[in-house]
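Read through the structure below, which is laid out as structure tokens, and then see the notes.
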Amino acid sequence: MVFHIIDAMTDGFSRTTERNGLVFVAVFAVLALLNASVAPVETETAIGVTLTTGLVGLLTGLLSFAIGLATIAVAIVALRTFASDETETIPREFRRRKIATATLNAFVGTIVFVSLVAAGSVFLLVPGLFLLVTLYYWSAFVAVEDQNFVRAFRSSWALTRGSRLRLFGLGIAVVVLGLAVNATVAIPTFLLGGAAGLVLTQVVAAVVTVYIIATTARAYDQLRGLEHPSEPEPRQGSAGMAA
């Protein structure tokens with residue numbers, strides 16, 4: 001058995017357009033709009049000098065950080081949901097099970113993951129791409145199997161063995177599709193401008209984000225199936241069985 005790129009992409013699209021997927025699109029869009037609205041507040045003095053108060057800057061920075069953590073938590077719940085058979089409801093367990101620990105592992109793991117890929121790409125692009133593909137599914141192990149990020153890296157390394165070229169192809173296909181979708185809304189966003197343009201941009205970005213997460217989860221599930229294939233039922237007359 002081999003990994004099927006088309007199956008992962010079509011399954012990801014199906015999950016994105018179903019009820020749970022649309023719920024996640026709405027949540028990610030709201031979080032993105034909240035984050036976009038958080039900006040240092042500038043006050044102009046009587047002599048026309050613009051300054052930003054340190055307190056306001058600190059508060060907005062903390063708020064933006066909190067929104068970022070909330071976004072990570074939602075991504076964890078999305079991975080759990082898309083890796084399951086749930087399409088209409090999001091089980092309470094997915095929203096509550098070790099969510100703080102998983103969020104912390106995802107936050108620190110993301111920093112380590114990006115650093116490793118960047119370090120591998122300093123001299124040659126190939127090592128960076130290899131690490132990107134090999135370790136990419138660590139987040140699924142953190143979300144779905146409650147592993148810490150170190151163990152999740154090792155699990156992803158083992159899971160992707162034998163399918164890395166196909167997974168690289170999947171990554172290229174998803175990136176190209178995401179760029180194409182964003183490009184199609186560039187002109188409408190420019191024409192709308194202002195708040196309407198911002199809303200459209202964030203909604204489309206949320207759709208692409210959910211599709212990437214859904215495709216990641218479905219690819220992870222497919223890889224797990226290759227790692228632990230279902231055993232065929234024994235037939236009478238086979239070796240070791242009484243004829």
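Every read-out reported here was derived from the displayed coordinates using simple, explicitly stated rules and does not represent laboratory data. These numbers were taken from a predicted model, which means no experiment stands behind them. As a convention, Cβ positions derive from the backbone with ideal geometry for all residues, glycine included, and neighbour counts pool all protein chains shown.
For Phe3, no residue 5 or more places off, or on another chain, has a built amide H under 5 Å of its own.
Sorted from longest to shortest, the spans of the Cα atoms of the chain along the three principal axes equal 98, 39, 36 Å. In the chain, the calculated helix contribution to ellipticity at 222 nm averages -25000 deg cm²/dmol per residue, counting -39,500 (n - 2.57) for every DSSP H run with n ≥ 4. Ordering 58-68, 213-223 by mean Cβ neighbour count within 10 Å, with the highest value first, yields 213-223, 58-68.
In whole percent, what relative contact order does the chain give with Cα contacts below 8 Å and a gap of six or more residues? Rounded, it is 31 percent for the chain.
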